[in-house]
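For reference, the structure discussed in these notes is given below.
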Amino acid sequence: MLLTTFFNQFNQSAVKLSSNTIILSLREGYIALIPFFIVASVITLLNQWFNIADKTGNHVFLNEFNLLVWALFPLITLISFSYYLSKNLQLHTIAAPVLVVTCFCASTGYVYVDSTGINVDNKSGVLYSILMPIFCCYSLRYFSSIKALKLVGISTISLF
């Protein structure tokens with residue numbers, strides 16, 4: 001009896017948690033990234049299997065592509081999560097991810113410019129790829145609801 005009550009309470013808590021907008025958006029975002037994970041894993045497997053990282057020659061591009069794919073992981077996660085969170089919050093699904101990517105790049109130093117060109121620092125901003133969409137999307141939703149910030153009140157122009 002006690003065990004049944006515990007499992008019922010646990011089940012109710014799990015259902016409540018899974019209906020949370022953030023958890024739902026994370027789940028949808030990572031489901032959308034399954035093809036990315038499969039391709040990245042196959043490339044990593046081939047890279048390790050053929051020991052391409054230690055070799056030079058025709059197959060060096062596979063090692064460089066492997067490094068590029070995993071370096072872009074935080075950015076791809078950020079875009080996917082921010083897209084689904086903005087969709088679930090009924091925000092514009094292009095404007096919100098663009099805002100999130102801009103804030104992410106400006107605040108973490110993930111993308112930076114130096115004398116060699118535009119570079120990616122794949123060690124910075126991994127945690128922010130989860131936190132930044134939450135902060136930016138909820139901030140955008142709050143500021144969108146303020147009537148004084150609406151510049152145009154005519155319905156002939158797009159609502160966004």
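Each reported figure results from applying straightforward, stated rules to the coordinates on display, with no laboratory input. This one's a predicted model, so the numbers in the text were calculated from it and none came from an experiment. We place every Cβ from the backbone using ideal geometry, glycine too, and count neighbours over all the protein chains shown.
Under the definition of Cα pairs under 8 Å and six or more residues apart, what whole-number percent is the relative contact order of the range 21-145?
Across the range 21-145, relative contact order equals 27 percent.
On a full-extension model of 0.36 nm per residue, what is the gain between H92 and L3, subtracting their alpha-carbon distance, rounded to one decimal in nm?
Separation in residues times 0.36 nm, less the Cα-Cα distance, equals 27.5 nm.
Where does helix 60-71 land angle-wise versus the long Cα axis of the chain, in degrees 0 to 90, nearest 10?
20
Rounded, prolate or oblate: which fits the chain when a ≥ b ≥ c are the square roots of the eigenvalues of the alpha-carbon gyration tensor, with rounded for a/c under 1.5 and prolate only if a/b beats b/c?
Judged from the Cα gyration tensor, the chain comes out oblate (a/c at least 1.5, b/c at or above a/b).
Please list 132-138, 25-31 highest first by mean number of surrounding beta-carbon atoms within 10 Å per residue.
132-138, 25-31
Where does helix 34-49 land angle-wise versus the long Cα axis of the chain, in degrees 0 to 90, nearest 10?
20
Under a point-charge model restricted to the Cβ atoms of Lys and Arg (+1) and Asp and Glu (-1), what is the dipole moment magnitude of the range 21-145 relative to its Cα centre, in debye to the nearest 20?
340
Could you check the spin-label model distance between Q12 and V120? Points 7 Å from the Cα along Cα→Cβ, value in nm.
4.6
Based on the mean of other Cβ atoms within 10 Å per residue, sort peptides 93-103, 38-48, 62-72, 76-86 so the most packed one is first.
76-86, 93-103, 62-72, 38-48
Quick one: angle between helix 95-108 and the longest Cα principal axis of the chain, in degrees between 0 and 90, rounded to 10, please.
60
Efficiency by 1/(1 + (r/R0)^6): what FRET value for V113 and E64, r their Cβ-Cβ distance, R0 = 25 Å, to the nearest 0.05?
Calculated value: 0.75.
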